[in-house]
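Notes follow the structure.
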Amino acid sequence: MKNIAPAIFPPNGIGDAKPTNQAVLDWVHEIGKLTKPENIFWCDGSERENEFLVAESLKQNVLIKLNEEKVPRSYLHRSNPNDVARVEKVTFICTPTKEEAGPTNNWSEPAETYSKLYGLLEGAMRGRTMFVVPYIMGPPDSPLTKVGFEITDSKYVVLSMRIMTRMGKIALERLGNDPKAEWNRGVHSLLDVDPDRRFICHFPQDNTIISVGSGYGGNVLLSKKCLALRIGSYLARTQGWMAEHMLILGVESPEGKKHYVAAAFPSACGKTNFAMLIPPAHFKGWKVTTVGDDIAWMEIRDGRLFAVNPENGYFGVVPGTSYKSNPNAMKSIEHDTLYTNVALTDDADVWWEGKDGPPPKHAIDWRGNDWTPDSKEKAAHPNSRFATPMRNNPALNPDVEKGEGVPISAIIFGGRRSDTVPLVYEAFDWTHGVYLGATMASETTAAATGAVGQVRRDPMAMLPFCGYNIGDYFRHWMDIGKRLTNPPLIFNVNWFRKGANGKFLWPGFGENMRVLKWIIDRCEQNGGAVKSPVGWLPTPHDLDLDGLEIDHKSVADLLGIDHGEWQKELAEHKKFFDSLGGVVPEELLKQREQFVARFAD
Ligand code: GTP
Ligand code: SPV
Ligand code: MN
C-alpha cells in the first residue's frame, strides 16, 4: 500500500498529551498493535499543536495556504476525486441481529465485520502517524454531553475535528479515570482511499465506529454523523432523549419575546441557511440567531423539549453561498476556515459557483486542473464544504454553551419537493406531526454519492443516520410525545416547489422569515389558518408578504393542495410503510387512514 500519509515527528511538548484512563490506553494500545504506526501523536487541542500540524500539512500538500489578506489563517484541502461525499451503500449498522438495524439500514454481523475491518487495518498505519483525538460533543456542562476518541492517520481529520468539536484536554478532564465510564471509540484509517475498500461501520452495542478507505467529511469526522446521529440515536432511545438531524435557531421579536425552533431537512436542503437567516427589511427589529446548523440533541425537562447543539463548528455546503443568499455564512468563512474541494484563484483566494461577483478568468478547479469560465466542468465540487468554528458566526446565539439547552416551541420538517407539498402547513397534533415526519420525502442531493434529484422517502431527514430499526425510531418519537406536557407544535415546509416554468416559486433564504413568522404566530396562538386535509394551512392573508415581490398566482400555487398529486403522495406513503415490512407503529398506520379519509370528505 502506497503511503499517502507519511509520519510526522513533533518536537518535545507537542503530541504527548497521553490520557490517564486505563480503558483508553488499552484500546489505543490494541489499535496500535494492529495498525503498526511509526509513532503515536496524542492531541491536546492547543494552539501550538495546531500550528505544528498545519505546518506539516502544508509540507505534505494536505493543505494549500490561502491568501492571508483575503482569507486569513485559512486553507484549502482537495480530497481524492473518488471520495467527495458520504457513501450510504458502504455505511453499516452492525447490531447482533438484522432486525435491530431494521429495514432502512445496511446491516452486517458484528463479529464478521470486526474481523474483516481488522484485516484491512492490519499494518495500515505503517510509516504513518497515528493521531489520538479526544473530544466532547455538547456544551461542557450539559448532562447530554458525550466523550469520544477518534484514532486517525489523517491530519486533515485532526484539523477538522479541532474546528468541529471541543477537542483535546477538555475531553480528558470530562472522561476522568473511571475505566467503566461511557465513551465512544472511533477508528479511522485512510488506507489507500480505494472505493472498493471503503466501509463506515457502526457497532452501537459497543459504542464503536470503524471507518476505512475514505478521507472525506461525514465518512471520517466520526463525531458528526457517526457518533452524534447514528450511535447517538441508538443511545438516545435507550436513555430516553433524542438525537436528530436538525438545526436549532432562536427568533426574537421586536418586543424581546424569544422562541426556539428545530428543523429537520435532509442533507443539502437548507439547514445551515435557515439557521443563519437574516430577516428582510420589512421585519425590522426581528432577530434570528443560530444555536446549531446540523444536529440537535434534545431531552425532556418540565414537560418541554430542550435542545443543545453537540457540535462546535459548521461543515457547510459552499456552492450557492453568497452575500446575497447567506451573509452570516460568508462572514463566518472569511477567516480561520478549512475549505474542501473549492476552486483556487490565481491570487490564492477561493471561488465557487454562486459566489458574489464575476467568476475569475482563470482558476484551478477542485480536482487541481486549470479552469476558465468556458470550462464544462464545475470549478468547485457541488458538495464542496467549509469547516469553520461556530464562534465565527455573527449571529451565534449567546446561549449556545448553556448546558440545559434551549426550549423548543416548534419542530419543522422539510424537504426538496418540486410539486405536491405546500410552502408551509401545521400538523393537527403530535401524532399527526410524527406521521408528517415519518413520510417526508426529498429530492436527493450531492451530499451523498449516487443519483441527484430523485424523490426518496427520508423520515425525519434521518434515513441515512438512524442507528437502529426505523419502526422503533417512530415508536420512540411517539413515546417522547407522551412524556411531553408542553410539546412543540410540528410543521412541514417546502422552499423548493416549482411553477409551470420549472423555476422555484418561493424566493427562499432571508424571505423564509415570512414562514417562520407564521410559525411563531401559531406558537403564540394568534396566527390564522384554515383546516385542510393535510393540516392547518395559512391563507395568503395569514402570511406577512408585505414588501415581497411575488404575484398572487405564485402564492396560490405555493399554498395549493392538488388532490390528484396528493392521491399519488398518499399512495407513496402506503408503499413506503409497506416496504418497511410491518415495523410501523399502529398509530401511524391509523394516521394514514385518517389522512385518506379527510381527502375523501
Ligand atoms: P447539509 O450540511 O448537507 O446537512 O446541508 P444543509 O441542510 O445545511 O443545506 P444548506 O443550508 O447548506 O443548503 C444547501 C443548498 O440549498 C445550497 O446550495 C443553498 O444555496 C440551497 N438553499 C438553502 N436554502 C434555500 C432556500 O430557501 N431556497 C432555495 N431555493 N435554495 C436554498
Ligand atoms: C450531510 O450530508 O448531512 C452533512 C455533510 O451534513 S456530512 O458531514 O458529510 O455528512
Ligand atoms: Mn447534515
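Only the coordinates and a few stated rules stand behind these numbers; no lab work does. Note that the coordinates shown come from a computational prediction; the quantities given were computed from them, not determined experimentally. We place every Cβ from the backbone using ideal geometry, glycine too, and count neighbours over all the protein chains shown.
Remarks
- Taking a straight line from the alpha carbon of K503, these lysines sit under 25 Å away, with near neighbours fewer than eight places off in the same chain left out: K271, K324, K355, K376, K378, K517, K553, K568.
- Antiparallel DSSP beta bridges within the chain, percent to nearest 5: 65 percent
- Among Y260, Y323, the ranking by other beta carbons within 10 Å of each residue's beta carbon, starting with the fewest, stands as Y323, Y260.
- Cβ-based exposure ranking for L120, L505, L191, in which fewest neighbours within 10 Å come first: L120, L191, L505
- Calculated from backbone phi, Karplus (6.51, -1.76, 1.60) coupling profile of segment 157-165 in Hz, x at Gly/Pro: 5, 4, 5, 6, 4, 5, 7, 7, 10
- Amide hydrogen proximity for F413: with H placed 1.01 Å from N in the peptide plane, the residues at 5 or more positions away or on another chain lying under 5 Å are A264, F491, N492, V493.
- Protection proxy ranking, peptides 560-572, 271-283, 148-160, average beta carbon neighbours within 10 Å, highest first: 148-160, 271-283, 560-572
- Take every pair of alpha-carbon atoms less than 8 Å apart whose residues are at least six positions apart; their mean separation over the length of segment 111-214 yields a relative contact order of 25 percent.
- In this rough spin-label picture, where each label sits 7 Å from Cα along the Cβ direction, the E586-K324 distance is 5.5 nm.
- Neighbour counts of other Cβ atoms within 10 Å put S74, S46, S115 in the fewest-to-most order S115, S46, S74.
- Tensor-based shape of segment 355-434 (alpha-carbon gyration tensor, a/c under 1.5 rounded, otherwise prolate or oblate): oblate
- Computed over segment 490-590, the P(r) tail beyond 16 angstrom holds 66 percent of alpha carbon pairs.
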